[in-house]
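The values are calculated or read from the model by the stated rules, or taken from the named source; none is laboratory data. Quick caveat: nothing in here was measured; it's all calculated off a predicted structure. Here the Cβ is made from the backbone with ideal geometry for all residues, glycine too, and neighbour counts use every protein chain on show. Side chains are part of the model used for accessible areas, which takes the heavy atoms of the whole protein and leaves out ligands, DNA and RNA. Shrake-Rupley method; radii C 1.70, N 1.55, O 1.52, S 1.80 Å.
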Amino acid sequence: MRRVDFHSSLKRVLSRRVSSPSHLPPAALTDVVVVLEPGLSRHRAEAVVDRLRAYGFDLHRTDGGGNGAVQTVLSAVAPQPDFDLRHILILDGVRDAFQVTSPYTFASRSWRAEDTVVDVDGVPVGGPEVVVGAGPCAVESEGQIEESAAAVAAAGARLLRGGAFKPRTSPYSFQGLGEDGLRLLRAAADRHGLKVVTEVMRPKQIEPVARYAHVLQIGSRNMQNFPLLQEVGRTGMPVLLKRGMSATVVEWITSAVHVLAEGNPDVNLCERGIRTFETATRNTLDLSAVPVVKARSHLPVFVDPSHGLGLRDFVPPMARAAVAAGADGLLVEAHPDPPHALSDGPQSLYLSDFAAMMEAVRRVAEAVGRTVAEPEATAFDAPHLAAP
Ligand code: PEP
Ligand code: MN
């Protein structure tokens, strides 16, 4: 797998004040189908064709129909990949226009048929193993993150999560420990053989976060923060791109292209629940997005049932369902003392419940032809491994 030398790439990021579109690889041509009003006179149909040719379209015309009614369909190749279809829809005599090629070329299956496997410092994501990332919503103290890391690693997690820069709805809520939190997070992860996934909220935070993290998380609220996406793209580090809470699947995959277009192939998508009319859960976890995205895109897909449901009792069943639906990874909040957590306690699993969830997830993974890392043998269930 191609890797960008991080430090030289970061230097380039920091020295670059204005981005130019010249670094973008060429996008595929956009195919469009235009359906004209049935029975449109020859003269008016010609006028539509002339307008499209004037825009630079290369087009093919098909006249068909029966019972005397003529139906004209134009198949056309757009002069540029981001041609705005509304220019066609508003033409007199046009009934409908459809874009056939996807707007997210580099992230699409038609661009790359094989699954992308993201190498998170030796942990492959998107291969046969379902990779689990777990830990508290926020890093709160050395003891809290150490206890979390020890327990989630023992249960088979491969990534340690924990926010040091937190996007909180209220400015009065705990905002995270900042760089101190990053240091504690990385130290705990290293002690237990875990890789760090943590959020970066703005370009200025990339440098400190990249020093401690293995995966840069882009939060739901930043899915369409394009300058941030471009800058994390330029680091060449693995990225976890959460779905915006009001974003369509197409908008979400298209956002990934902002990272890919910077020459960074290592994007993981993460479904974390969307806003719907339903109020029984914090969000509506859109598990239907998992097979849909897997069909349309080659990128690995994580599911975060903690933010998706918002209440811990509902997290294990939806984690199991996510794996059954084909998720490549899970991102789960787990905390040593959820009632006293500084953020998202009600949706955080107790560490013992996380271990139980992992057992069940492992069985589901096996049923669908995947694996989950085995739990570490503990001194309790493997006395011969206990220290003398
Ligand atoms: C998080 O992972 O703690 C988080 C803030 O998630 P989201 O961006 O999905 O709300
Ligand atoms: Mn959270």
Given 365, 341, which one is small (Gly, Ala, Ser), in contact (Cβ under 8 Å) with a residue 24 or more places away in the chain and within 16 Å of ligand 2 (Cβ to nearest atom)?
-> 341
List every residue pair whose Cβ atoms lie under 7 Å apart, where the two residues are 6 or more positions apart in sequence or sit on different chains, the first residue falls within the stretch 88-117 and is over 17 Å from residue 55 (Cβ atoms), and the second residue, located anywhere, is assigned to a helix (DSSP H, G or I) and among the hydroxyl-bearing types (Ser, Thr, Tyr).
-> 103/254; 104/254; 111/105
Look through the stretch 196-213, keep the residues that are closer than 19 Å to residue 168 by Cβ and in a loop (DSSP other than H, G, I, E, B), and return whichever of them is least open to solvent (accessible area, probe 1.4 Å).
-> 200
Is it true that some residue in the stretch 236-245 is over 11 Å from the mean Cα position of the chain (by Cα) and either part of a helix (DSSP H, G or I) or among the charged types (D, E, K, R) (or both)?
-> no
Are any of the residues in the stretch 143-164 open to solvent by 10 Å² or more (accessible area, probe 1.4 Å), within 16 Å of ligand 2 (Cβ to nearest atom) and among the β-branched types (Val, Ile, Thr)?
-> no
For the stretch 279-287, state whether one or more residues are in contact with a strand residue (DSSP E or B) (Cβ under 6 Å, 6 or more places away or on another chain), away from ligand 2 (no atom under 16 Å from the Cβ) and open to solvent by less than 20 Å² (accessible area, probe 1.4 Å).
-> no
Would you point out which residue out of 296, 320 is under 14 Å from the mean Cα position of the chain (by Cα), open to solvent by 40 Å² or more (accessible area, probe 1.4 Å) and in contact (Cβ under 8 Å) with a residue 40 or more places away in the chain?
-> 296
Candidates 373, 387, filtered to the one that is aliphatic (A, V, I, L, M), on the phi < 0 side of the Ramachandran plot and at pLDDT below 95 = 387
Mind listing just one residue for me: the one in the stretch 165-195 that is open to solvent by less than 10 Å² (accessible area, probe 1.4 Å) and within 16 Å of ligand 2 (Cβ to nearest atom) and, of those, nearest to residue 129 (Cα to Cα)?
-> 185
Which listed residue is in a loop (DSSP other than H, G, I, E, B) and open to solvent by less than 30 Å² (accessible area, probe 1.4 Å), from 74, 91 | 91
